[in-house]
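None of the figures in this text is laboratory data; all of them are computed from the coordinates on show. What you see is a predicted model; the values in this text were computed from it and never measured. Because the Cβ atoms are built from the backbone with ideal geometry, glycine has one as well, and the counts that use them run over all protein chains shown.
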């Protein structure tokens, strides 16, 4: 090799080395990004338990005793606000199996706090006692319950305060049912102004409900009087109607049927005088 060729070879080698050195930071950065992405993708909860997977975050599903569940226990259940209605649960438990577990949901709906719906998840084994469970989509007014061989767990899948307020405000259930659940909800959130504002409305509705129910007994007795044919039967139902009407007036000082009750008592008094 001539001196000129040797010199040219050295220059080429030096240039290649410079290019490699210039690119080194970029290569190192790329490797670090790949490592970070890989580490993030495989970052699972370190403590054993059940978790709602919310994007890249994990919300721990805490132990909760489900006995005699009602709205008064909502305050004792942790909640997670998800980005959508998809529901993924991450399980990290030694020797965990789906066969030894039960998953079910309850709705924050007036009159249905005791109603449960079992759900069966699809399980993906992630290795090292980690499992990813895909459950049916669940709205934010659902509460997820889990039972296994060791304990019971629960998590509300939305903000329970918002959900219980919405449940009370948008229901067609009987007033006595709504009032019962509302009072239970106020035990969980006694200072919530939206729930407090609903109390007078449903107390009034409940009073009207009781009023109308009592009036039905009065009406039934009066209908029997009208259908009676014998004098003794008519007299019996007439006196019974008189008794029920007086009881109604005594019980409901602001009853919606007071005027009608008083007028009918006058009619009965006249008939009994004959």
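Compute the FRET efficiency between residue 263 and residue 173 as 1/(1 + (r/R0)^6), taking r as their Cβ-Cβ distance and R0 = 25 Å, and round to the nearest 0.05.
0.15
Could you work out the per residue convex hull volume over the alpha carbons of the stretch 129-274, in cubic angstrom?
With only Cα atoms used, the stretch 129-274 gives 201 Å³ per residue.
Quick one: order 43, 116 by neighbouring beta-carbon count within 10 Å, fewest to most. Spell out each step's value before the answer.
Values: 43 10, 116 16.
Fewest-to-most Cβ neighbours within 10 Å comes out as 43, 116.
Please list the radius of gyration and Dmax for the stretch 204-274, considering alpha-carbon atoms only, with Å as the unit.
Gyration radius and largest Cα-Cα distance of the stretch 204-274: 12.7, 42 Å.
Order by neighbour count: 140, 241, fewest other Cβ atoms within 10 Å first, most last. Walk me through the numbers before you get to the answer.
Values: 140 19, 241 24.
Going from sparsest to densest Cβ surroundings: 140, 241.
Need one number: nm distance between label points at residue 219 and residue 249, each 7 Å from Cα along Cα→Cβ, rounded to one decimal.
2.1 nm
In vacuum, with every alpha carbon of the stretch 147-195 counted as one equal point scatterer, what does the Debye formula give for log10 I(q)/I(0) at q = 0.15, 0.20, 0.30 Å⁻¹? Two decimals, please.
-0.50, -0.73, -1.17
Below 8 Å, C-alpha to C-alpha, sequence gap of six or more: please give me the relative contact order for the stretch 130-249 in percent.
Numbers: 82 pairs, mean separation 17.4, N = 120.
Answer for the stretch 130-249 is 14 percent.
Please list the radius of gyration and Dmax for the stretch 132-174, considering alpha-carbon atoms only, with Å as the unit.
So, for the stretch 132-174, Rg and Dmax equal 13.6, 42 Å respectively.
Order of 236, 90 from fewest to most other C-beta atoms within 10 Å?
Ranked by crowding around the Cβ, least crowded first: 236, 90.
Distance from the Cα centre of the stretch 147-205 to that of the stretch 49-83, in angstrom?
17 Å
Give, to the nearest whole percent, the P(r) tail of the stretch 98-193 beyond 16 angstrom, counting all Cα pairs. Could you put the intermediate results ahead of the total?
On the way: 2859 of 4560 pairs.
The calculated P(r) of the stretch 98-193 puts 63 percent of pairs beyond 16 Å.
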